[in-house]
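Written out below as structure tokens is the structure these notes cover.
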Amino acid sequence: GIIQEVYFDRIKQCLIPNATYQKDHGGRGDDPLRDAVTSDSTCNGGLITFSFHVEAQDEIACYLHWNGKCTRFLPGDVRLLLPEIFAKTDSNKKFVEMANTDD
């Protein structure tokens, strides 16, 4: 099998490579514009990543990476966490209200 921590390690290394990724292994220097985008990249809150860790057909975990943070993502978090991340527009508020009445 695979060591489960490898899932976290790989996305901490690279989600989106920079233009010279193969040459400088993703940057990690003084120039943030040369760095590869990773799960630790905050991108001013503009990047959200869902990481699915699949060990078997019935053994799947999902993790939400946002703003340099990571948390286990469960079905109820669609209503709990996502509204905290996305803009508080009228259409988003209506979506959350509709989702809350579907219980």
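Any read-out appearing in this document is the output of simple, stated calculations on the displayed coordinates, not a laboratory observation. Small disclaimer: the values here were computed from a predicted structure and weren't measured. As a convention, Cβ positions derive from the backbone with ideal geometry for all residues, glycine included, and neighbour counts pool all protein chains shown.
Some values worked out for this structure:
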read-out	value
Total formal charge among the other residues, if their Cβ is under 12 angstrom from that of residue 66, Lys/Arg +1 and Asp/Glu -1	-2
Estimated inter-spin distance, residue 53 and residue 71, nm [label 7 Å along Cα→Cβ]	1.7 nm
